[in-house]
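One structure is given below, encoded as structure tokens.
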């Protein structure tokens with residue numbers, strides 16, 4: 001069943017949080033193309049912790065020909081992110097501001113409301129965009145965040161990145177997304193949009209998984 005849109009004026013699309021909807025692949029936001037994939041990347045608590053730290057230090061967006069700049073954590077009076085309940089419905093975020101953490105090179109970790117610029121290409125497809133962190137979650141066996149477009153991209157939409165430590169001790173990396181093309185060449189040829197998304201997913205996996213070889 002399609003959810004009602006939750007609108008947030010800090011991003012350039014209406015369906016904020018839709019990547020968490022169980023029926024995303026069947027009922028994506030209007031005029032968008034959904035995508036999802038999942039990969040087993042190891043097992044055990046140590047692997048989960050290592051992959052989680054990579055994820056929260058922006059590793060998927062900092063590998064290969066992708067890079068980030070201008071990481072801007074939300075200020076005290078600014079946007080504080082969006083919270084979601086177990087069904088993916090938006091709820092008010094916590095009023096408590098978590099302590100800002102940093103990667104080894106000094107880059108601020110992913111945090112609710114943070115802004116970032118993405119640069120680069122994947123398989124010839126431009127990936128440049130202005131992005132905002134919609135939500136961050138750190139649970140005992142599930143860590144991830146939602147990233148939404150603010151502008152300056154050939155698509156408008158959202159990505160969900162998750163590292164899961166499942167009950168069978170396996171660790172999985174899950175990515176879900178929806179893209180609405182903003183330029184004619186991608187509106188006319190949906191296959192180009194899907195190729196771009198597949199290339200991005202492969203790049204993200206390469207950054208997180210030591211098992212990735214192709």
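The values are calculated or read from the model by the stated rules, or taken from the named source; none is laboratory data. Because the structure is a prediction, the values reported are computed rather than measured. Cβ coordinates were reconstructed from backbone atoms using ideal geometry, including for glycine residues, and neighbour counts include every protein chain displayed.
Quick notes on this structure:
- Criterion (over 29 Å from residue 191 (Cα atoms) and either at pLDDT 90 or above or assigned to a strand (DSSP E or B) (or both)) met by exactly one of 110, 150, 116, 133: 110
- Residues in the range 184-198 that are under 14 Å from residue 127 (Cα atoms) and at pLDDT below 90: 186 only.
- In summary, residue 11 fulfils each of the numbered conditions (1) modelled with pLDDT of 95 or more; (2) surrounded by 19 or more Cβ atoms within 10 Å (Cβ to Cβ) with the single exception of condition (1).
- The residue of the range 25-43 that is farthest from residue 182 (Cα to Cα), among those that are part of a loop (DSSP other than H, G, I, E, B) and touching a strand residue (DSSP E or B) at 6+ places or on another chain (Cβ under 7 Å), is 25.
- Taken together, the residues in the range 119-129 that are without any contact (Cβ under 8 Å) to a residue 60 or more places away in the chain and either in a loop (DSSP other than H, G, I, E, B) or within 17 Å of residue 181 (Cβ to Cβ) (or both) amount to 6.
- Members of the range 42-54 found to be surrounded by fewer than 23 Cβ atoms within 10 Å (Cβ to Cβ), in contact (Cβ under 8 Å) with a residue 12 or more places away in the chain and at negative phi, listed by number: 43, 45, 47, 52, 54
- In the set 155, 174, 183, only one residue is surrounded by fewer than 20 Cβ atoms within 10 Å (Cβ to Cβ) and either more than 16 Å from residue 55 (Cα to Cα) or free of Cβ contacts under 8 Å to residues at least 60 places away in the same chain (or both); that residue is 183.
- Output for the range 61-86, where each listed residue is modelled with pLDDT of 55 or more, assigned to a loop (DSSP other than H, G, I, E, B) and exposed (fewer than 13 other Cβ atoms within 10 Å of the Cβ): 65, 75, 76
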